[in-house]
Amino acid sequence: MKVQTGLDRLISDTSLQKQIHGNICYVCHNASVTSDLTLGIMALQTIFKERLVSIIGPQHGFVCDVQDNMVETTHFIHPYFKIPIFSLYSETRRPTNEMLKNVDSIIFDLQDVGCRIYTYISTLKYILEECKKKNIHVFVLDRPNPIGGYQVQGNILESPYKSFVGVSEIPVRHAMTMGEVAKYFNEYDKINANLTVIEMQGWNRRMYFDQTNLPWINPSPNMASLEAAIFFPGTVILEGTNISEGRGTTTSLQILGHPQIEPYHFLDDVLKSGVLNVIHGCKLIPTVFRPTFQKHANTSCGGFLLKVTDREKLNSWALLQILLREIKKYLGTSFQYKAPPYEYVHDHDPIDIINGCQHLKEWVNSYGSTKKLFELELNGQSTYLEKRDTILIYK
């Protein structure tokens, strides 16, 4: 049985359609599709006709064609749909008065990947905040969390490190759907916007995306598979370093490396040391790859292809924190943290913005213990789980 997304339900249920009043702005991207692969924009324009007055696209653009951080997309009039396409990854990350002019309802329909650092939940929060000021009703069409709604992993973000890749004090792998994230922000970040979540049917918290019978469409240019999404809460931290996370390859976000790593010797040393004994559910396959763009473009890198063997046991966040510690030790002075800016933050190191704290960089630099790593992960998690339990939609 196929999971019914919020979009599927809205299209098939006229009573839901009647709840959406006035002029409508649709927040969407190329992964905003129905279960039969109809683009949401085409379906909603058929239903709401001239009431659908504009579209807002997130990072990577409405058509998901822009690769990198801080590479912005422009506003334009769509040549086919004949309505404005506004970008919330442009000179602004928040909807402006111009974007919200004559808008009564926002339909928000982005496919997320279940990680705090993935910016679509940041766009959601900013939209809720701006729509609260104008009493615009926000309807979130819920979609599956591809990596499930059960496993919570990674540290809680600390307030001084809030940014576009961390807008709330939640863990890296937050285990909420987009609708639940909206409810959490509305309640615990005290936005109190006029919010309605159009829920899915048939989804439960233990489901990964491949159990939904829904089609996978890349929600961003480098998120090419469920396996990449499972590793993303870990591999995303490499964006704050000169270690390639595989952008410019066909296995981005589940491959990593550097030109000066000899993968067979390095893996042999790591396995003999026993530092990965606390990590289960994956294999590291020694490999050499040559990125076609971004870090180390057109240069062979030694490293590892990461493969899932048991996703119920895998903690990809802890795996990559440990690997980063070992890689830094292995490379010595050839290892570098990236310098600011990162996602429009100029006064903190990118690695700290991604991690949402400074403690993890200090842990890597001091070659901290795995016991300390898991202490950092669990700090504040019980409080988060208590809050999260009050807003969960699905069992």
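The values are calculated or read from the model by the stated rules, or taken from the named source; none is laboratory data. Computed from a predicted structure; not experimentally measured. Here Cβ is always computed from backbone atoms with ideal geometry, including for glycine, and neighbour counts include all displayed protein chains.
Here Cys64 meets each of (1) surrounded by fewer than 16 Cβ atoms within 10 Å (Cβ to Cβ); (2) modelled with pLDDT under 95; (3) under 22 Å from Ile217 (Cα atoms); (4) not acidic (Asp, Glu) with one exception, condition (1). Within the stretch 210-244, the only residue that satisfies the criterion of being touching a residue at least 24 places away in the same chain (Cβ under 8 Å), farther than 30 Å from Gly332 by Cβ and of a type in the set (D, E, K, R) is Glu227. Only a single item in (1) farther than 22 Å from Val66 by Cβ; (2) touching a Gly at 6+ places or on another chain (Cβ under 6 Å); (3) not basic (Lys, Arg) is not met by Ser244, and it is number (1).
Applying the criterion of being touching a Ser or Thr at 6+ places or on another chain (Cβ under 8 Å) and surrounded by 24 or more Cβ atoms within 10 Å (Cβ to Cβ) to the residues of the stretch 236-256, the residue that is nearest to Asn298 (Cα to Cα) is Gly246. The requirement of being surrounded by fewer than 21 Cβ atoms within 10 Å (Cβ to Cβ), basic (Lys, Arg) and farther than 19 Å from Lys361 by Cβ is satisfied by Lys190. Once the stretch 96-110 is narrowed to residues that are polar (S, T, N, Q) and either in contact (Cβ under 8 Å) with a residue 60 or more places away in the chain or assigned to a loop (DSSP other than H, G, I, E, B) (or both), the residue that is nearest to Thr123 (Cα to Cα) is Thr96. Considering Ile147, Ile121, Ile127, the condition of being in contact (Cβ under 8 Å) with a residue 40 or more places away in the chain, assigned to a loop (DSSP other than H, G, I, E, B) and surrounded by 23 or more Cβ atoms within 10 Å (Cβ to Cβ) is satisfied by Ile147 alone. Determine whether the stretch 293-315 contains at least one residue that is out of contact with any Ser or Thr (no Cβ under 9 Å at 6 or more places or on another chain), assigned to a helix (DSSP H, G or I) and surrounded by 14 or more Cβ atoms within 10 Å (Cβ to Cβ). Taking every residue of the stretch 293-315 in turn, none turns out to be out of contact with any Ser or Thr (no Cβ under 9 Å at 6 or more places or on another chain), assigned to a helix (DSSP H, G or I) and surrounded by 14 or more Cβ atoms within 10 Å (Cβ to Cβ). Just one of the listed residues (Asn97, Asn30) is over 22 Å from Ser220 (Cβ atoms) and of a type outside the set (Ser, Thr, Tyr), namely Asn97. The single condition among (1) surrounded by 18 or more Cβ atoms within 10 Å (Cβ to Cβ); (2) part of a helix (DSSP H, G or I) that Cys357 does not satisfy is (2). The single condition among (1) part of a loop (DSSP other than H, G, I, E, B); (2) in contact with a Gly (Cβ under 6 Å, 6 or more places away or on another chain); (3) more than 20 Å from Ile354 (Cβ to Cβ) that Leu157 does not meet is (3).
Taken over the stretch 142-170, the criterion of being closer than 21 Å to Ile127 by Cα and touching a Lys or Arg at 6+ places or on another chain (Cβ under 8 Å) is satisfied by Leu157, Phe164, Val165, Gly166, Val167, Ser168, Ile170.
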